[in-house]
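Some notes on the structure that comes next.
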Amino acid sequence: MEIRELGSESAEKIGCMIAEIFSADPWNDEWTEEGLRSYVFELLHGSNPLSLGLYQDGELIGISLGRIKHWWAGTEYWIDEFGILPAKQRRGAGRAFLEKIKDLLSERGIGGIVLLTERTAPAYRFYLENGFCEKEEQVFLAADIRPGKRD
């Protein structure tokens with residue numbers, strides 16, 4: 001397995017992977033074609049993007065899409081999307097991918113990785129088993145401001 005940086009030439013493949021990985025349980029995302037295309041564009045062209053792919057036998061089987069953020073305590077890699085194709089899951093690819101990402105980031109002087117996931121999803125336990133921990137002093141907040149959804 002090898003890790004490679006992904007750019008705009010991979011946008012269509014990245015979109016297909018996001019749809020395949022996150023449209024099934026437990027995520028059940030319902031992307032429109034236009035919405036997914038816009039999301040992938042934002043991930044690839046935002047501020048300080050770092051998009052990585054995991055390849056096995058020349059096939060892209062995993063993605064890590066995020067950005068580099070500079071912070072007073074050091075530089076961090078904020079992952080927006082991380083996933084392995086469903087057919088390749090539960091075979092050590094995700095663990096190997098994270099290790100390769102950690103090595104790459106360390107070589108570049110990046111000292112941390114930040115991400116969000118749902119406590120009820122299998123990904124939560126996966127991240128805990130791979131060196132991540134909850135930051136009890138921080139909380140994720142959201143407000144649904146769509147019409148009819150405000151309190």
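Among the residues making up the range 9-36, those that are open to solvent by 70 Å² or more (accessible area, probe 1.4 Å) and assigned to a helix (DSSP H, G or I) are GLU9, GLU12, LYS13, CYS16, GLU20, GLU33, GLU34.
Just a yes or no: is a residue in the range 20-41 without any contact (Cβ under 8 Å) to a residue 60 or more places away in the chain and touching a strand residue (DSSP E or B) at 6+ places or on another chain (Cβ under 7 Å)? No, that holds for no residue. Take the range 108-131 and flag every residue that is surrounded by 10 or more Cβ atoms within 10 Å (Cβ to Cβ), among the charged types (D, E, K, R) and in a loop (DSSP other than H, G, I, E, B). Listed by number, the residues that qualify are ARG108, GLU118. Quick one: is LEU44 buried (at least 21 other Cβ atoms within 10 Å of the Cβ) and aliphatic (A, V, I, L, M)? No.
Could you grab me the full set of residues in the range 1-57 that are polar (S, T, N, Q) and within 14 Å of ARG67 (Cα to Cα)? SER47, ASN48, SER51, listed by residue number. Scanning the range 113-130 for residues that are under 25 Å from LEU50 (Cβ atoms) and either more than 16 Å from the chain's Cα centre (by Cα) or aliphatic (A, V, I, L, M) (or both) yields a total of 8.
Could you check the range 132-141 and list, in sequence order, the residues that are surrounded by 10 or more Cβ atoms within 10 Å (Cβ to Cβ) and at pLDDT below 95? Answer for the range 132-141, where residues must be surrounded by 10 or more Cβ atoms within 10 Å (Cβ to Cβ) and at pLDDT below 95: just GLU134. Going by what's in this entry, would ASP144 be described as open to solvent by 60 Å² or more (accessible area, probe 1.4 Å), touching a helix residue (DSSP H, G or I) at 6+ places or on another chain (Cβ under 7 Å) and of a type outside the set (S, T, N, Q)? When the stated conditions are applied, ASP144 does not pass them. Filtering GLY53, GLY94 for residues that are open to solvent by less than 30 Å² (accessible area, probe 1.4 Å), under 23 Å from LEU128 (Cβ atoms) and not hydrophobic (A, V, I, L, M, F, W, C) leaves a single hit, GLY94. The set of residues in the range 57-90 being of a type outside the set (D, E, K, R), assigned to a strand (DSSP E or B) and open to solvent by 60 Å² or more (accessible area, probe 1.4 Å) consists of HIS70, TRP71, TRP78.
The values are calculated or read from the model by the stated rules, or taken from the named source; none is laboratory data. This one's a predicted model, so the numbers in the text were calculated from it and none came from an experiment. Counting neighbours? That spans all protein chains shown, and the Cβs are built from the backbone with ideal geometry, glycine included. The area values use the complete protein model at the heavy-atom level, side chains included, leaving out ligands, DNA and RNA. Shrake-Rupley method; radii C 1.70, N 1.55, O 1.52, S 1.80 Å.
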